[in-house]
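Notes to accompany the following structure.
The values are calculated or read from the model by the stated rules, or taken from the named source; none is laboratory data. Predicted model, so just to flag it, every value in this text is computed and none were measured. Here Cβ is always computed from backbone atoms with ideal geometry, including for glycine, and neighbour counts include all displayed protein chains.
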Amino acid sequence: MGPTASGKSRVALELAQRLPVEIVSVDSAQVYRGMDIGTAKPSAAERASVPHHLIDILPPTEAYSAALFRADALRVIGQIRSRARLPLLVGGTMLYFKALLEGLSRLPSANAQIRAEIEAEAQDLGWPALHTRLAAVDPDTAARLKPRDSQRIQRALEVYRITGEPMSRLLFHPPPLAGEGREGAFLSIALLPADRARLHQRISARLTEMLSRGLVEEVEALRQKYALSSELPSMRSVGYRQVWQHLEGELDRDELKDRAIYATRQLAKRQMTWLRSWPECSVFDCFAPALSGKLYEVINRGGERPGSI
């Protein structure tokens, strides 16, 4: 696990030269076909050298979720183990890791009638007003949402109206699901930067390279091939959202680059916040020399915690 641009994929490929592993992607954007440059997806040659899973499994018109990931990951992990090989889960979508290791909360299914009612209220009052209503009944959820985050505000209000309880409480104290729980033994390893400024430099350099490799053209091709919208999860991914705004004439090329870099840094910050509180985690500086060799030793010993960074 690690923030974006921390070198997870490179280290995973180096470990694959020493261990009988198959790589399972834990990335909410790499699941989409055609989204290659902006997700830093492993190349065809890299995927040919080591088996990779949960990459290119959906068109960008479809939604994916932590629940779907958990089901897919458990299935793939079982298949890898049946071949007497090790599943190596690699990525930065922390919610997916959490769902895999801890199971899922039992939130209610969508209710079309309640959603329609909330939608109608938003048309009359605006989403900031509904955000204020949410703050009155679920301040913890409201505090982490922007006043115009329509999708998440609607879902949080829907959950409250169905259950009478704040979504934050249901997520924080999830009732156990039958048959759920940790599936087998996992060793958690986090790659965190001892020098955050160096990570920021890498993020900027990588975004510049993505643009030079044709990230804008990639999104243009996707828009021609699929019936996409800016509200789809695929197009809300960091980088893709800013390119979409550029293609819509909302940002010029320099603004696209600046906003994409800023959004990527914010994503990395959120990922590092998750990881600093991750339980039973071996933590390493992502810029440490001979990093894959150190991780190889830890895996062979069954894990250690060398200390926080």
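Cβ-Cβ distances below 7 Å connect the following pairs, each with a first residue in the range 218-230 that is over 16 Å from Glu62 (Cα atoms), a second residue that is assigned to a loop (DSSP other than H, G, I, E, B) and modelled with pLDDT of 95 or more, and a separation of six or more residues or different chains: Glu218/Asp36; Glu218/Ile37; Glu218/Gly38.
Yes/no per residue for (1) within 24 Å of the chain's Cα centre (by Cα); (2) in the same structural domain as Tyr64 (by TED's automatic domain parsing); (3) surrounded by 13 or more Cβ atoms within 10 Å (Cβ to Cβ); (4) touching a residue at least 60 places away in the same chain (Cβ under 8 Å):
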{"position": "Ser234", "(1), (2), (3), (4)": "yes, yes, yes, yes"}
{"position": "Arg241", "(1), (2), (3), (4)": "yes, yes, yes, no"}
{"position": "His246", "(1), (2), (3), (4)": "yes, yes, yes, no"}
{"position": "Gly249", "(1), (2), (3), (4)": "no, yes, no, no"}
{"position": "Arg253", "(1), (2), (3), (4)": "no, yes, no, no"}
{"position": "Tyr262", "(1), (2), (3), (4)": "yes, yes, yes, no"}
{"position": "Leu267", "(1), (2), (3), (4)": "yes, yes, yes, yes"}
{"position": "Phe284", "(1), (2), (3), (4)": "yes, yes, yes, yes"}
{"position": "Leu291", "(1), (2), (3), (4)": "yes, yes, yes, yes"}
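Within the range 35-56, is there a residue that is part of a helix (DSSP H, G or I), of a type outside the set (Phe, Trp, Tyr), in contact (Cβ under 8 Å) with a residue 60 or more places away in the chain and surrounded by fewer than 20 Cβ atoms within 10 Å (Cβ to Cβ)? Talk me through it step by step, then tell me what you get.
Filtering the range 35-56 for residues part of a helix (DSSP H, G or I) gives 44-49.
Narrowing further to those that are of a type outside the set (Phe, Trp, Tyr): 44-49.
Cutting the leftovers down to in contact (Cβ under 8 Å) with a residue 60 or more places away in the chain gives us none.
No, that holds for no residue.
Among the listed residues Ala129, Ala135, Ala116, Ala122, which satisfies the condition of being out of contact with any strand residue (DSSP E or B) (no Cβ under 7 Å at 6 or more places or on another chain), in a helix (DSSP H, G or I) and under 30 Å from Leu275 (Cα atoms)?
On the way: Ala129 fails: under 30 Å from Leu275 (Cα atoms); Ala116 fails: under 30 Å from Leu275 (Cα atoms); Ala122 fails: under 30 Å from Leu275 (Cα atoms).
Result: Ala135 is the single residue among Ala129, Ala135, Ala116, Ala122 that is out of contact with any strand residue (DSSP E or B) (no Cβ under 7 Å at 6 or more places or on another chain), in a helix (DSSP H, G or I) and under 30 Å from Leu275 (Cα atoms).
Residue check: is Tyr64 buried (at least 22 other Cβ atoms within 10 Å of the Cβ) and out of contact with any Lys or Arg (no Cβ under 9 Å at 6 or more places or on another chain)?
Working: buried (at least 22 other Cβ atoms within 10 Å of the Cβ): no; out of contact with any Lys or Arg (no Cβ under 9 Å at 6 or more places or on another chain): yes.
Considered against the rule, which asks whether it is buried (at least 22 other Cβ atoms within 10 Å of the Cβ) and out of contact with any Lys or Arg (no Cβ under 9 Å at 6 or more places or on another chain), Tyr64 comes out as no.
The single residue among Ser109, Ser105 that is surrounded by 13 or more Cβ atoms within 10 Å (Cβ to Cβ) and modelled with pLDDT under 95 turns out to be Ser105.
When residues in the range 73-96 are screened for being part of a loop (DSSP other than H, G, I, E, B) and surrounded by fewer than 20 Cβ atoms within 10 Å (Cβ to Cβ), 3 of them pass. Screening the range 146-198 for residues that are under 18 Å from Tyr96 (Cα atoms), outside any strand (DSSP E or B) and among the small types (Gly, Ala, Ser) and picking the one that is modelled with the highest pLDDT gives Ser168.
From Ser212, Ser230, grab the single residue that is in the same structural domain as Ala40 (by TED's automatic domain parsing) and at pLDDT 95 or above.
Details: Ser230 fails: at pLDDT 95 or above.
Of Ser212, Ser230, the one residue that is in the same structural domain as Ala40 (by TED's automatic domain parsing) and at pLDDT 95 or above is Ser212.
Selection of the range 129-152 for residues being farther than 20 Å from Arg236 by Cα, surrounded by fewer than 16 Cβ atoms within 10 Å (Cβ to Cβ) and of a type outside the set (A, V, I, L, M, F, W, C) yields Thr132, Pro139, Asp140. In this structure, Glu62 qualifies as among the acidic types (Asp, Glu) and either in the same structural domain as Ser230 (by TED's automatic domain parsing) or within 17 Å of the chain's Cα centre (by Cα) (or both). Taking Ile23 as the residue in question, decide whether it is under 27 Å from Val283 (Cβ atoms), in contact with an Asp or Glu (Cβ under 6 Å, 6 or more places away or on another chain) and either touching a residue at least 12 places away in the same chain (Cβ under 8 Å) or part of a loop (DSSP other than H, G, I, E, B) (or both). The answer is no for Ile23. Every condition in (1) within 13 Å of the chain's Cα centre (by Cα); (2) in a helix (DSSP H, G or I); (3) of a type outside the set (Ser, Thr, Tyr); (4) under 25 Å from Leu207 (Cα atoms) holds for Ala99 except the one numbered (4). Residues in the range 96-121 that are farther than 12 Å from Glu158 by Cβ and hydrophobic (A, V, I, L, M, F, W, C): Phe97, Ala99, Leu100, Leu101, Leu104, Ala120.
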